[in-house]
1. Would you pick out the residues in the stretch B:31-58 that are under 26 Å from B:ALA116 (Cβ atoms) and either away from chain A (no Cβ under 14 Å) or within 16 Å of DNA strand D (Cβ to nearest atom) (or both)?
2. Are any residues in the stretch B:1-45 under 25 Å from B:THR86 (Cβ atoms), free of Cβ contacts under 8 Å to residues at least 12 places away in the same chain and among the aliphatic types (A, V, I, L, M), and if so, which ones?
3. Looking at this structure, is A:ASP130 at pLDDT 95 or above, in contact with a Gly (Cβ under 8 Å, 6 or more places away or on another chain) and of a type in the set (D, E, K, R)?
4. Does A:ARG10 meet the test of being away from chain B (no Cβ under 14 Å), within 16 Å of DNA strand D (Cβ to nearest atom) and more than 30 Å from B:THR100 (Cβ to Cβ)?
5. Identify the residue in the stretch A:86-128 that is outside any helix (DSSP H, G or I) and among the charged types (D, E, K, R) and, among all such residues, is farthest from the other protein chains (Cβ to nearest Cβ).
6. Regarding the stretch A:155-164, can at least one residue be identified that is surrounded by fewer than 22 Cβ atoms within 10 Å (Cβ to Cβ), under 22 Å from the mean Cα position of the chain (by Cα), farther than 21 Å from A:ASP73 by Cα and not hydroxyl-bearing (Ser, Thr, Tyr)?
7. In the set B:LEU108, B:LEU83, B:LEU79, B:LEU87, which member is among the aliphatic types (A, V, I, L, M), buried (at least 22 other Cβ atoms within 10 Å of the Cβ), over 10 Å from the mean Cα position of the chain (by Cα) and at pLDDT 95 or above?
8. Hey, could you check the stretch A:13-28 for residues that are under 25 Å from the mean Cα position of the chain (by Cα) and either within 8 Å of DNA strand C (Cβ to nearest atom) or on the phi > 0 side of the Ramachandran plot (or both) and say which is farthest from the other protein chains (Cβ to nearest Cβ)?
There are 2 protein chains.
Amino acid sequence: MAIDKQTVLRTALTLLDEVGSDGLTMRVLAKALNVQAPTLYWHFPSKRDLLDQMADALIAPVAGMVNVTTEPDDVLWSLATALRATLLSRRDGARVYAGTYVMGENVLAVADIALAALLCKGLTQQTAVDAMFNLVSYVLGFTIEEQGFRERWSGEESVESVREQFISAMGGRFPALSQSLDAVLAGDFDARFERGLDAFFGGLSSPG
Amino acid sequence: MAIDKQTVLRTALTLLDEVGSDGLTMRVLAKALNVQAPTLYWHFPSKRDLLDQMADALIAPVAGMVNVTTEPDDVLWSLATALRATLLSRRDGARVYAGTYVMGENVLAVADIALAALLCKGLTQQTAVDAMFNLVSYVLGFTIEEQGFRERWSGEESVESVREQFISAMGGRFPALSQSLDAVLAGDFDARFERGLDAFFGGLSSPG
DNA sequence: ACTCCAATCTAACGTTGTTAGACTGGCCCT
DNA sequence: AGGGCCAGTCTAACAACGTTAGATTGGAGT
């Protein structure tokens, strides 16, 4: 029974959750498909290419999650939320996605939805493109940092231990930061993301 | 003559420009230092740790570039601009930085400057921390995408070739995107970044 | 002169992405 | 029915990678 691209990609994404992006080697992936590693090179020219297509497959759910029946700002809002949720839903999702610039099916679909909403708001084409790029960049950057934080700290270390690491690293300097240490440690990423989107949309409403 | 951490880090960053992040192996770095690869493990416990410290060293210039004598918004603006410029100044700079969350000297310094300016504006501690995180995330995400674009396309491929790739990949679908294709290809990253910051600061001025 | 230890070396291990080339099995043509 | 063909998989192997073990150097302190 021959394997095909879709099966490989689906298995690779499932495996990503189990072993992480560092653990996702060609041999491990091959074993999960009951196949030898070199076989994968019949379907993909390189691991780089496989990762690129994984990145596109990763965000496949996004387009279906956005509410397209409402007004432009709601579309953009739900698109940003869906993109973050989708990247977060898989282990190392943001990092896997960040490496790649690919003109894949789903990447283009997401860009198209955002652009349509922005043009509908009456923005210039150039302004709309810039805003789309900025919005996607923000969501991506935010999610990379969030996932980095989570995987670094949500393990066995307690909040107290992290606080001590901070205090030790700061060593008396950086007054504004140490004064706000509680807020740093108490960070609620959902609320933070909403505030970011609020700020972004607040400034976006000026005429383009 | 013994090598020390600072020399290793400086050489590693210089080498990054020549060989890129994929080409920066322990053996290549060792050769540039006239040393054998295992010697590096006397100074750094692992390559991961070396990369973390490189990431912190990478953004060392930022703190010195920001204009601290002016009002808060100008401080934040120049900080964001300096951070982007610094990440762009080295090959794969954004990607090297993105992998790491480290409480390094310079990371903390940048955070402290941003937080001080935001608190000076009268924001709550939690709001200020969220805004700082959001601002840094945006700059990072933007720069990752920008550098990805640049290294992917600014090579031998002409704009026309990129346009054809887009058209071929879209294949008739994605009307909003194909309608705006000229704006996508003509993208000026400096202007785009300024627009992003404008939007961000526009929405930030609401009371926290 | 002797000790000691920081810093480097050589040698090697296991793993990784990737390639070359041989095999298998099912479909098509006569 | 039989003979080619070729998509798809296999085995074997390569160079390069991060990393470890253990021997060796060389200069500072007593």
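1. Within the stretch B:31-58, the first condition is being under 26 Å from B:ALA116 (Cβ atoms), and the residues that meet it are B:52-53, B:55-58.
Across the stretch B:31-58, the qualifying residues are B:ASP52, B:GLN53, B:ALA55, B:ALA57, B:LEU58.
2. B:VAL19
3. Values: at pLDDT 95 or above: yes; in contact with a Gly (Cβ under 8 Å, 6 or more places away or on another chain): yes; of a type in the set (D, E, K, R): yes.
Yes, satisfied.
4. Numbers: away from chain B (no Cβ under 14 Å): yes; within 16 Å of DNA strand D (Cβ to nearest atom): yes; more than 30 Å from B:THR100 (Cβ to Cβ): yes.
It is true that A:ARG10 is away from chain B (no Cβ under 14 Å), within 16 Å of DNA strand D (Cβ to nearest atom) and more than 30 Å from B:THR100 (Cβ to Cβ).
5. Restricting attention to the stretch A:86-128, the residues satisfying the condition of being outside any helix (DSSP H, G or I) are A:89-92, A:99-104, A:121-124.
From the residues that got through so far, the ones that are among the charged types (D, E, K, R) too are A:90-92, A:121.
Values: A:ARG90: 17, A:ARG91: 15, A:ASP92: 11, A:LYS121: 12 Å.
Going through the qualifying residues, I end up with A:ARG90.
6. Narrowing the stretch A:155-164 to residues surrounded by fewer than 22 Cβ atoms within 10 Å (Cβ to Cβ): A:155-164.
Going one step further and asking which of them are under 22 Å from the mean Cα position of the chain (by Cα), we end up with A:155.
Now narrow it down to the ones that are farther than 21 Å from A:ASP73 by Cα: A:155.
Keeping just the survivors that are not hydroxyl-bearing (Ser, Thr, Tyr) gives A:155.
Yes, some residue in the stretch A:155-164 is surrounded by fewer than 22 Cβ atoms within 10 Å (Cβ to Cβ), under 22 Å from the mean Cα position of the chain (by Cα), farther than 21 Å from A:ASP73 by Cα and not hydroxyl-bearing (Ser, Thr, Tyr).
7. Details: B:LEU108 fails: buried (at least 22 other Cβ atoms within 10 Å of the Cβ); B:LEU83 fails: over 10 Å from the mean Cα position of the chain (by Cα); B:LEU87 fails: over 10 Å from the mean Cα position of the chain (by Cα).
Just a single option satisfies the conditions, and that option is B:LEU79.
8. Just the residues of the stretch A:13-28 that are under 25 Å from the mean Cα position of the chain (by Cα), to begin with: A:13-26, A:28.
Narrowing further to those that are either within 8 Å of DNA strand C (Cβ to nearest atom) or on the phi > 0 side of the Ramachandran plot (or both): A:20, A:23-26, A:28.
Details: A:GLY20: 13, A:GLY23: 14, A:LEU24: 16, A:THR25: 16, A:MET26: 17, A:VAL28: 20 Å.
It comes out as A:VAL28.
The values are calculated or read from the model by the stated rules, or taken from the named source; none is laboratory data. The structure presented is a predicted model; accordingly, all values stated were derived computationally and were not measured. Here the Cβ is made from the backbone with ideal geometry for all residues, glycine too, and neighbour counts use every protein chain on show.
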